[in-house]
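Nothing in this text is a laboratory measurement; each read-out follows from the coordinates by a stated rule. On a predicted model such as this, the values are computed, not experimentally measured, just so you know. Glycine also receives a Cβ, built like all others from the backbone with ideal geometry; neighbour counts cover every protein chain displayed.
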Amino acid sequence: MDPQINLKPSSPAAAGAAIECKELTKKFGDFVAVDRISFHVNPGEIFGFLGANGAGKTTAMRMLCGLSYPSSGHATVAGFDVYRQQEKIKQHIGYMSQKFSLYDDLTPLENITFFGGIYGVADKVIKERGPALIRSLGLENEASKLVGALPLGWKQKLAFAVAMFHQPRIVFLDEPTGGVDPVTRRQFWDMIYEAAGTGVTIFVTTHYMDEAEYCNRITIMVDGKIEALDTPAHLKQRFACDNMDEVFYRLARTARRSDS
Amino acid sequence: MRTLRFLLQKEFRQMFRDKTILVMMFLLPVIQLGILPLAMDLDVKNINVAIVDQDHSAYTQKLITKLGASGYFKIVTVAPAYKQALFSLENGKADIVLEIPPSFERHLIKEGNQSLNVTADAINGTKSGIGTAYLLAVIRDFNQDIRLMSNRQPVAPAIIDIASSAWFNPHQKFTWYIVPGVLVLLLTLVGGFLSSLNIVREKEIGTIEQINVTPIKKWQFILGKLIPFWVVGMIVLTIGLLVARLFYGIIPLGSILLLYLLAAVYLMALLGFGLLVSTISNNQLQSMFIAFFFIMIFVLMSGLFTAVDSMPVWARTIATFLPITHFMKAVRMIILKGSTFSDVLPILVFELLFAIGLNALAIRNYRKTQ
C-alpha cells in the first residue's frame, strides 16, 4: 500500500472544497473544547485528524457532522452550512462514531438494510448490494448472528461499510481502529483506500501515528487548537523527524489537557 | 413513509427478539387482571366479633344467632367479661366487641329500651366503619323483630322503607367496577414504562448517535417509536378484555369498536408522555424515576380506587386534567353502561388534544443536534 497513491494537489480552498472551516469554536461553559480551528479538505482527500485524548478531535468532528452546534466561527460541509443546514449535510455524509453504535440485536444485513433504508437507498439496491457487501466483508457465516456476538474488529469493518453504504460524498471516521488488532487495522485501511479511490472524501481521527502516514494531509490538534497541518512528509521535514511519532511528541508534549 | 417502514421493521425485529417483553406482554394482563381485582375487593367480610354476654337469655341467643347468620360476622369468642373481650381486640383476634349488659332481655321487655356497647378496632378505618354499620343494621333489624314478637302495641313510628336498586351493576359485583379499572391501570403501566425507557436506551447504548447523523426527520423517528408500543398496548387491551370475559364474565355492554377507538387515542397520549420523558432523560434510571413519579400520580388520582367526586377540590382539579381519569371513566361507561359515541365524544376530543400535544412536545424535545 502506497500512502502517496491518492495524494491530490492540495489546491487552496476552492469552491469545491469538501469541508471548509474558519475559526470554528466550541465552548462548554468556560471550557474551550475547540479553539478557532481553520482548515479545508479537498474532495477525494484522506484527511487525518490527530491529537491526544481530550484534544478536541471528536468535538470538532461532531460539529462538522451536524451533531453539535458550534459556539462561533464558520464551517461548510459538502457546501452546506453547519449552523442551518445540518440535515442537508447529513444526506451527504457517512459517520462512524468512536463508540460502536450499530444495533447489537440486529444481524449485519439487518443493520445494513435499516441504515440504507433510512438514507433512502432504493429497495432494489439494498437487496443487491447488501448481501454482496456481507460477502465482501467475509461475514457470510455470521449472517444469521446478531451483531452483538461479533468480535470488535468485524464490528468496526461493518460499521464502516454501513457508513459507506449510501455512497456519501464525505465520510467521517472517529478513531475507527481503536482497540482493533494490527491485521484488521491494515484491512481497515485497505477499505479506506478503496473508498478514497472512488472519490469519497475521508475525514479520519486517530492517535495511531502509523495510520497518520497513510493520510494525504494531517492536522495535529493540541488543547483544542490546530498546531500543524500538512502532508506527513512535509511535517517530518519541518520538524526534522524520522517518523510521525516524533512529530507528534514534539507538538503534543506542550499539551495541558489530558483525558477529558 | 418509506423511512417509517424501515423504522418499524427495525423496532418490531428488536421487540420480537426481546423475549422478556414478549412474555410480559402476555403474562401481565392475564396474571395481574386475574389476581388483582380479587385482592382489591372493598367489600368488608369476615368481621371478627367478640361478644360479651352478661345476660345469657333467649334474646341474646337470638341476637348472636342473627349476627352469625348475616354472613359478614365471625364470632370469635363469647367472653364473660368486657375486659377479656377487649383483650382479644387488643391482640388482633377481634375487630369489634359487642357488649350485652346483664338484664338485657328484662329491660327490653319491661322498659322497652336497652343500650348495647360496641367497641371497634379503628386501625383499619374502613373495616371498623363498615363493620360497625353492618352490626348496627343487624341490631336494628333485631329490634324490629322483637317489637313484632312482643305483645306490646307496636309504637309504629312511621318507617320509611328505602328500596334501592343498583343500575348498571345490578348485583353490585365489586369485580364489575374494579376489573375495567385494573385494565386501564395495566394499559397505562405497560405503555408508560415501555415508551419512557426506549429512546433513552438508545441514548445509553449510543445507537441514537448513528440515527442522529442520518437525514431522518424527527417526527419519523418519534412515530417509529410510537407505533410499535401502540400495537403492544392494543394487544394488552385485547388480552385484558378476554380475561375480563373469561374470568369475570364481564362483557362490554357498549360497542367494542368504540372502546378500541378510545383506547387507541388514549394510548397515543400516554405514549407521547412516555416518549417525552425518554427524550428528557439521560439514562434509563432517570427515565424510570420520572415515569414512576408521574404514573403513580396518574393511577392514584384517576379514580381507580377512590371516587374522583369525593376528593378535595385541589385533588379533583388535578384529576380533571389527567387523561387517565377521563379514560377510566369512559371505559367504565362503555363496559358497564353501554355508553355510545356521542356520550364519550367530549372525552375522545380531550384525549386527542393530549395525544397531539404530548407527541408534539416529544418531537420538539428530541434533538438531533446538541
- So how tilted is helix A:182-197 from the main axis of chain A? Cα-based, degrees 0 to 90, rounded to 10. 90 degrees
- Is there a simple number for the mean count of other chain Cβ atoms within 10 Å of the Cβ of residues in B:212-221, and what is it? 6
- Note on the structure: In degrees, nearest 10, the alpha-carbon axis of helix A:108-118 is tilted away from the dominant principal axis of the alpha carbons of chain A by 70 degrees
- Gain in length, A:R253 to A:V183, computed as 0.36 nm per residue apart minus the alpha-carbon separation, to one decimal in nm? 22.2 nm
- Placing each pseudo-label 7 Å from Cα in the direction of the beta carbon, B:F247 and B:K93 end up separated by a distance in nanometres of 3.6 nm
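Rounded to the nearest 500, what is chain A's calculated 222 nm mean residue ellipticity when only DSSP H runs of at least 4 contribute -39500 (n - 2.57) each, over all residues?
Details: 9 runs with 90 residues, N = 260.
One gets -10000 deg cm²/dmol as the mean residue ellipticity at 222 nm.
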- Message: Modelling each spin label as a point 7 Å along the Cα-to-Cβ direction, I'd like the B:Y82/B:W167 distance in nm, to one decimal.
- Response: 4.7 nm
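Need the full-extension length gain, A:E194 to A:L146, defined as separation in residues times 0.36 nm minus the C-alpha distance. One decimal, nm.
Numbers: separation 48, 0.36 × 48 = 17.28 nm, distance 2.69 nm.
Separation in residues times 0.36 nm, less the Cα-Cα distance, equals 14.6 nm.
Highest first, please rank the peptides B:68-80, B:350-362, A:44-56 by the mean number of other Cβ atoms sitting within 10 Å of their residues. Kindly include the intermediate steps, with their values, before the conclusion.
On the way: B:68-80: 15.5, B:350-362: 19.0, A:44-56: 23.2.
Peptide ranking by packing, descending: A:44-56, B:350-362, B:68-80.
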- Note on the structure: Counting only residues 5 or more apart in sequence or on a different chain, those whose built amide H sits under 5 Å from that of A:V222 are A:E227
- Angle between the Cα long axis of helix A:123-136 and the longest principal axis of chain A, 0 to 90 degrees, nearest 10? 80 degrees
- Message: Can you tell me which lysines have their Cα less than 26 Å from the Cα of B:K19? Leave out same-chain residues fewer than eight positions away.
- Response: A:K145, A:K155, B:K10, B:K203, B:K225
- Query: For the pair A:Y69 and A:Y83, how long in nm is the line joining their label points, each one 7 Å along Cα→Cβ?
  - Reply: 1.1 nm
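On average, how many beta carbons from a partner chain sit within 10 Å of the beta carbon of a residue in A:116-127? Don't skip to the end; give the middle numbers.
Working: counts 1, 9, 13, 5, 6, 1, 1, 3, 0, 0, 1, 0.
Across A:116-127, the average partner-chain Cβ count within 10 Å equals 3.
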- Show the residues, 5+ positions off or on another chain, whose built amide H is closer than 5 Å to the amide H of A:G54. A:S260
- Task: With θ set to phi - 60°, apply the Karplus curve 6.51 cos²θ - 1.76 cosθ + 1.60 along the stretch A:231-241 and write out the HN-Hα couplings as whole Hz, x wherever there is a Gly or Pro.
- Result: 6, x, 5, 5, 5, 4, 4, 5, 9, 6, 10
- Message: Using only the alpha-carbon atoms, what does the protein assembly as shown span along each of its principal axes? Please give whole angstrom values in decreasing order.
- Response: 128, 50, 46
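What's the ranking of A:189-200, B:237-248 by average number of surrounding C-beta atoms within 10 Å, highest first?
B:237-248, A:189-200
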- Query: Taking only C-alpha pairs under 8 Å that are 6+ residues apart, what is the relative contact order of chain B in percent?
  - Reply: 19 percent
- Note on the structure: Most exposed to least, judged by fewest other Cβ atoms within 10 Å, B:M311, B:M301, A:M221 sort to B:M311, B:M301, A:M221
- Protection proxy ranking of B:50-62, B:8-20 - average other beta-carbon atoms within 10 Å, highest first: B:50-62, B:8-20
- Kyte-Doolittle mean at least 0.5 and Cα axial length at least 15 Å: DSSP H helices in chain B: B:174-205, B:218-248, B:256-280, B:284-301, B:341-365
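Residues of A:96-103, mean number of Cβ from any other protein chain within 10 Å of their own Cβ, rounded to a whole number?
Details: counts 2, 6, 2, 5, 4, 10, 4, 8.
Shielding by partners across A:96-103 averages 5.
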